[in-house]
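Visitor: Here you go, one structure.
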Amino acid sequence: MILAIASGKGGTGKTTVSVNLARALGCDVRLLDCDVEEPNDHLFLKGSRAREEIVTIPIPQVDESLCDGCGECGRACQYHAIVSFGAKPLVFPEMCHGCGGCARVCPRKAIREVERRIGVIETDRAGNITLIQGRLDVGEAMAPPLIRAVKAHLQNGLPAILDAPPGTSCPVIAAIRGADLVLLVTEPTPFGLHDLRLAVEMVRALGIPFGVVVNRVGIGDDRVHVYCREGKIPVLLEIPDDRRIAESYSRGELIVESLPEYRGLFLSLIDKTMNRNNS
Amino acid sequence: MKELVVISGKGGTGKTSVTASFAVLAGRQVVADCDVDAADLHLILSPRIKERHEFRSGHEAVIRRDDCRGCGTCLELCRFGAVRMGGGTEGDAVFEIDPVACEGCGVCVRFCPQHAIDFPERLCGEWMISDTRCGTMVHARLGTAAENSGKLVSTVRREARRIAEEENRSLVIVDGPPGIGCPVIASLTGATVVLVVTEPTVSGEHDLERVLSLTRHFNIPTAICVNKWDLNPEMTRRIEAGALRAGARVAGRIRYDRSVTLAQMQERAVVEIGGPCAEDIERIWKQLGLQEEA
């Protein structure tokens, strides 16, 4: 069972839901932090570092002694990552997607691929949770290859919770593709509803079953609930607006530990999601 | 012409609420919503759309089913996991491209022995020019599951600057996206000043650190403000001290106040309904000193 936690709007509580759910689950679980631009799960779990691996993508390197400046590579590249002006081509590494097209089209075999670092994957152990988080290097533009590398740590049959980046574009898609169920976290405000609609469109386009988590219930109105009711979208968890939750979050604490009265909420979410699928 | 870009690193810190207030305080300038993934500024500024433009960017591979012989060359060459079985039985299979996974590199198109793969331009979204009570606004909508948000961000910014020049405005106010990746880089390179709106939480602190290394990387003058600062005063002080050490300016603090949500419900900017938060935001606006000459 792979459960992905996503949201159109940022800051609605993806991290809160992910880490508390993982802890409340009790059994061994992998938590994949795919918000590689700003990974936060580790701040709440404080585990011990078990492993670090560097993630690279292949980029072209041109052998000048073989290149005759024919320009075929530049014509093949769709990303303007290799450009030739009748001489040895220039490579713009941060534009390169690593498709390998230039090396393949070069008639003189003058291009070989070398690895370029884009980030790291860090594995932490924290009790029942194995946290696997991607961390994109600052200044790097492309999150999807790193997200795919984080997801390569999924293991068949083992339960996994996947904390996705916010939004609805390529990094989010890279994260939630292949999940069994997506939880869309939102808040009962105009911004929350607007971005939830976009997220719903996205998961529908991908054909993944989904439900909604409404966070900070009480700050706005019932527009998100009405939307879910009319669209027959299940609301699987409601977290009330409680300043103590915000304060506990601010200190990096887990709600299920610092405010045990809310533990039941997460246990019931587990019943409705992870356990349902197992039986 | 000056350009202020408001970003946050972490999402949901109040970036859009602050930007909308700035747009009101600035009088009639030019506003750009570069959070093209989850654009919310229009929910406050109620734009009347004057122009719509399609946003096309890159290409996508499409296999012509009738011409596919099922040789599997595309499957073997694709590095993005975008090729999948599209029906037929073994030995007689045909392939198809998952448009969501395709990154438009064109390698399969070029090497398909049957030349059975088309490569049309991809429609990724649209961008709009609108009238608002705070002046002209440029905003966009990225298509569902679409790529190239960075290019769309660049388009929105370029148009906003063009319009500011045309209308003889001195300031462009940009609502940026969360994170530190491609759309963020596209929204802040070359800006006059960046304001980072953060919050006094462990996540806010962690994400701010990464955003500040990004703005330093691109050499852009940066100021920060802590929203909901009284949620954790100690953390606020720590964040401000860290920001100063990282070479950023501290532009002010904003209280934790219901008026922010209340304003959003009424489709108005915080400074339009008043209250303690509004005062805080006005102070930050003056601190930024972008309209000294006025």
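Visitor: If you go through region B:166-183 one residue at a time, do you hit one that is in a helix (DSSP H, G or I), touching a residue at least 12 places away in the same chain (Cβ under 8 Å), in contact with a helix residue (DSSP H, G or I) (Cβ under 9 Å, 6 or more places away or on another chain) and surrounded by 24 or more Cβ atoms within 10 Å (Cβ to Cβ)? Reasoning before the result, please.
Guide: Here is the first cut: in region B:166-183, the residues in a helix (DSSP H, G or I) are B:166, B:182-183.
From what's left, touching a residue at least 12 places away in the same chain (Cβ under 8 Å): B:182-183.
With in contact with a helix residue (DSSP H, G or I) (Cβ under 9 Å, 6 or more places away or on another chain) added as a condition, the list becomes B:182-183.
Next, only the ones that are surrounded by 24 or more Cβ atoms within 10 Å (Cβ to Cβ) stay: B:182-183.
Checking region B:166-183: at least one residue is in a helix (DSSP H, G or I), touching a residue at least 12 places away in the same chain (Cβ under 8 Å), in contact with a helix residue (DSSP H, G or I) (Cβ under 9 Å, 6 or more places away or on another chain) and surrounded by 24 or more Cβ atoms within 10 Å (Cβ to Cβ).
Visitor: For region A:183-228, name all the residues that are more than 21 Å from B:Val36 (Cβ to Cβ) and of a type in the set (Lys, Arg).
Guide: Selection gives A:Arg216, A:Arg223.
Visitor: Give just the number: which of (1) within 14 Å of chain A (Cβ to nearest Cβ); (2) touching a Lys or Arg at 6+ places or on another chain (Cβ under 6 Å) does B:Ile129 not satisfy?
Guide: (1)
Visitor: Could I ask something else about it? Among the residues of region A:120-135, write down those that are in contact with a Cys (Cβ under 8 Å, 6 or more places away or on another chain) and of a type outside the set (Gly, Ala, Ser).
Guide: A:Asn128
Visitor: Next question. Pick out the one residue from B:Gly150, B:Gly135 that is crowded, with 20+ Cβ neighbours inside 10 Å and touching a residue at least 60 places away in the same chain (Cβ under 8 Å).
Guide: Among B:Gly150, B:Gly135, only B:Gly135 is crowded, with 20+ Cβ neighbours inside 10 Å and touching a residue at least 60 places away in the same chain (Cβ under 8 Å).
Visitor: Here's something else I'd like to know. For the structure I just gave you, tell me whether A:Arg75 is over 22 Å from A:Pro144 (Cα atoms) and assigned to a strand (DSSP E or B).
Guide: no
Visitor: Specify which of the listed residues (A:Arg125, A:Arg135, A:Arg116, A:Arg108) is in a loop (DSSP other than H, G, I, E, B), more than 26 Å from B:Leu41 (Cα to Cα) and at pLDDT 95 or above.
Guide: That would be A:Arg108, the only listed residue that is in a loop (DSSP other than H, G, I, E, B), more than 26 Å from B:Leu41 (Cα to Cα) and at pLDDT 95 or above.
Visitor: Please enumerate the residues belonging to region A:173-194 that are assigned to a helix (DSSP H, G or I), within 8 Å of chain B (Cβ to nearest Cβ) and modelled with pLDDT of 95 or more.
Guide: Residues satisfying the conditions are A:Pro190, A:Phe191, A:His194.
Rundown of residues vs (1) surrounded by 18 or more Cβ atoms within 10 Å (Cβ to Cβ); (2) in contact with a helix residue (DSSP H, G or I) (Cβ under 6 Å, 6 or more places away or on another chain), yes/no style:
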site	(1), (2)
A:Val172	yes, no
A:Ala175	yes, yes
A:Val185	yes, yes
A:Asp222	no, no
A:Ile239	yes, no
A:Asp242	no, no
A:Phe266	yes, yes
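Visitor: Say we look at region B:210-224 and pick out the residues that are assigned to a loop (DSSP other than H, G, I, E, B) and more than 16 Å from A:Leu136 (Cβ to Cβ); which of these is nearest to the chain's Cα centre (by Cα)?
Guide: In this case the residue turns out to be B:Ile220.
A quick yes/no check of all residues on (1) modelled with pLDDT of 95 or more; (2) closer than 23 Å to B:Pro177 by Cα; (3) away from chain A (no Cβ under 13 Å):
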{"position": "B:Ile224", "(1), (2), (3)": "yes, yes, yes"}
{"position": "B:Arg238", "(1), (2), (3)": "yes, no, no"}
{"position": "B:Gly247", "(1), (2), (3)": "yes, yes, yes"}
{"position": "B:Ile254", "(1), (2), (3)": "yes, yes, yes"}
{"position": "B:Asp257", "(1), (2), (3)": "no, no, no"}
{"position": "B:Arg268", "(1), (2), (3)": "yes, yes, no"}
{"position": "B:Glu282", "(1), (2), (3)": "yes, yes, yes"}
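The values are calculated or read from the model by the stated rules, or taken from the named source; none is laboratory data. Being a predicted model, the structure only gives us computed values, none of them experimental. Cβ: placed from backbone, ideal geometry, glycine included. Neighbour counts: every protein chain shown.
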